[in-house]
1. Rounded to two decimal places and with Rh computed the Kirkwood way over Cα pairs, what is Rg over Rh for region A:167-260?
2. What is the magnitude of the charge dipole of region A:2-222 about its Cα centre, with +1 placed on the Cβ of each Lys and Arg, -1 on the Cβ of each Asp and Glu, and no other charges, expressed in debye to the nearest 20?
3. Counting only C-alpha contacts under 8 Å and six or more residues apart, can you give the relative contact order of chain A as a whole percent?
4. Relative to the Cα centre, what is the charge dipole magnitude of the protein assembly as shown, using +1 at the beta carbon of each Lys and Arg, -1 at the beta carbon of each Asp and Glu, and rounding to the nearest 20 debye?
5. Kirkwood hydrodynamic radius, region B:28-265, all distinct C-alpha pairs: what's the number in Å?
6. Using amide H atoms built in the peptide plane, which far-off residues or other-chain residues are under 5 Å from residue A:212 H to H?
7. Could you tell me the distance between the Cα centroids of region A:115-151 and region B:212-264, to the nearest Å?
8. Round to a whole angstrom and tell me the spacing of the C-alpha centers of region A:59-111 and region A:227-288.
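Every number here is computed from the coordinates shown, using simple stated rules; none is lab data. Small disclaimer: the values here were computed from a predicted structure and weren't measured. Note that we place each Cβ from the backbone using ideal geometry, even for glycine, and neighbour counts take in every protein chain shown.
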Amino acid sequence: MNRLIELLAIGVSLGSIYALIAVGFAVIFKGTRVVNFAQGSILLLGAYIVAVLSPHVGFWAALGFGLAAGALGGLALYGLVGLVRHGDHMTLSILTIGADVLLATELARRVGSRVMPTGDPWSDGVLRVAGLTVPHARVAALLSALLVIGLLFVVFQRTAWGVSWRSAAADPEVATLMGIRLRRVRGASWLIGDALATLAGLFLVAFPNTGVEAHTGLLALRAIPAVIIGGLDSPEGAVLGGLAVGVAETLVAGYGDELGFLGQGAGDVTPYLLMILVLLWRPSGLFGSREAVRV
Amino acid sequence: MSRPTSKVTRYAGTAAALLLLLAMPYYLDAFWLQVGAFVMAAIIGAIGLTVLVGSAGQLSLAHAFFLAVGAYGYAFLAGEPGAGSAGTTLSGPGLPTTVAALLAVALAGAAGLAFSPVAGRLHGLYLGVASLGLVFLGQHVLFNARPVTGGFNGRPIPELSVLGFELTGDEPDLVLLGVPFGARERLWYMALLCAVAAYVVAGRIVRGRPGRALRLMRQNPIAAASMGVPLRRYRAGAFVFSAMYAGVAGILIALTARRVVPDHFGLVLSVEYLAMVVIGGLGSVRGAAVGAAFITGTPLVLSHYGDAIGVFARPGEDGIDAATAVRLLYGAAIVAFVIGSAQKGRPHAITITMDRARRALPGVSRRRLQRQGR
């Protein structure tokens with residue numbers, strides 16, 4: 001029983017990291033109808049910059065630089081996608097795959113076979129509460145995710161900017177007629193989306209993982225089931241999907257001995273299995289808007 | 001009056017190219033023949049994908065999975081039970097190899113069909129993202145179903161043979177025009193035959209009635225449905241078609257490599273295939289062939305002659321090694337081709353279809369349509 005609760009706690013904290021990435025996917029998709037496959041390499045870029053700079057300027061300053069790099073990377077991607085004026089969404093998403101290959105290859109070459117620690121203040125500390133053991137880094141991840149995602153939703157719901165973002169996502173043409181600058185709002189979607197990914201990347205490489213590795217970017221792909229489960233165009237669903245994926249993955253990995261028939265490393269593929277099952281049941285995810293098409 | 005002549009030159013060009021390809025084993029050494037076999041396998045796979053992504057507009061990142069189904073399906077069905085590497089015991093029904101090959105292709109198609117409840121309901125981007133899951137699930141199975149797949153170290157591939165004549169091996173000896181026809185030469189012809197057949201069949205499908213239905217479905221699903229195109233069936237059908245092409249490609253890759261390992265069939269392979277069809281121009285069968293040759297051939301050639309060229313770092317050195325260089329190259333190629341093709345302002349494919357339809361009409365009605373400005 002104790003083990004179950006502990007696994008649940010770790011699962012929720014891992015899920016909150018996935019939720020950050022997934023909300024990033026959803027914000028970009030809702031804002032511009034493009035799936036940003038380069039999310040993984042942007043995440044790696046941010047984490048890499050933090051790892052390189054933190055011995056020189058300290059962790060917090062490096063964190064600032066890393067987040068800025070991720071956000072600017074997002075803007076640059078938006079600029080790249082903007083070059084294609086009348087491309088359909090699939091073409092644009094393929095474009096981000098190309099950008100991802102470029103960036104991920106270059107970063108993987110720079111990182112090489114090293115494992116670069118980010119020098120975060122949580123290091124390998126663990127929190128023991130009522131018999132539960134949870135790493136500090138994960139607690140920090142959970143709290144930051146709550147704070148950041150909560151803040152983001154408040155901004156979307158309550159501020160004038162949030163209203164313009166939502167209306168631009170709902171109907172770009174009407175929004176333009178109402179004087180909303182599409183380019184600015186869309187650029188902001190990419191900026192926010194990739195900053196979220198970078199933040200998540202930072203927690204993803206922290207304890208119990210050891211640091212930035214060449215294939216860290218692949219971890220961002222685990223957030224894809226999360227965002228699909230929640231529905232691609234629903235940031236709220238992405239949070240739920242992220243938590244579901246995190247918990248499912250941790251449970252399957254944690255009970256690996258009992259679930260031996262699933263094979264080694266079953267935890268890593270649980271998110272994808274969950275995603276396909278949900279898709280069979282609801283093709284647009286749990287909260288995704290359905291396309292009402294009748295012929 | 002220029003059409004007949006251009007047709008003649010086109011046929012002559014095709015015939016010359018085919019003759020050239022047929023004569024190649026007399027001039028090339030084993031390395032180039034192997035590169036050729038890999039390239040032709042990739043061409044088949046890429047053609048399957050371009051029909052799915054380009055014509056049907058269904059993005060798929062699961063191509064590596066279907067390649068693996070073909071490759072491992074053949075390896076398992078044709079394989080004899082026995083001891084594998086690293087203490088695994090391999091099982092296998094040991095079917096005749098041709099039967100095994102056909103069954104493996106059917107198996108790949110069945111895998112596509114099994115995914116069709118998802119593939120038929122999702123469209124475009126959603127499918128692309130969901131199909132990502134298949135690659136990871138597939139690799140997990142490949143690593144863990146040891147008796148079938150051989151686990152991490154993979155399993156060896158039995159040679160394909162018809163009535164005792166090995167199509168990909170050295171038995172029995174065969175010498176034609178003074179050149180011994182060993183495994184590599186035979187494999188070249190096998191692959192060439194499959195690639196040409198795949199090319200012709202796909203070309204006919206894309207240009208024919210199903211192709212038109214698929215393109216209309218991509219551009220306007222509602223219009224397609226109201227014209228009587230059963231959307232779900234066509235979406236699922238395109239998926240099965242591309243899966244079977246991938247199955248054939250997988251078998252050829254396995255026969256050429258002589259051993260299949262799970263590591264090969266990862267997400268990177270899927271992205272490579274996507275790059276092939278993007279570089280060639282989505283939906284173009286010829287383009288997919290060119291893209292496949294470029295993406296598959298370049299790294300093999302560069303790593304073979306890399307030392308001689310001397311630009312690339314050797315493993316362990318700083319700098320850009322051949323594999324990295326190729327990845328950078330095709331990443332840049334995807335970006336450049338997507339942006340480039342958008343700048344050109346290509347007319348909608350539906351206009352092209354209309355043009356073709358008009359051209360096919362008899363003279364009188366064509367001229368009447370022209371007068372009306374349609």
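1. 1.12
2. Dipole about the Cα centre, nearest 20: 300 debye.
3. Details: 510 pairs, mean separation 100.1, N = 295.
Taking the mean separation of contacting Cα pairs over the length of chain A, I get 34 percent.
4. Details: 51 positive and 32 negative charges, 801 e Å.
That gives the protein assembly as shown a dipole magnitude of about 3840 debye.
5. By the Kirkwood definition, the hydrodynamic radius is 18.5 Å.
6. A:116, A:118
7. The distance from the Cα centre of region A:115-151 to that of region B:212-264 comes to 45 Å.
8. Result: 26 Å between the Cα centres.
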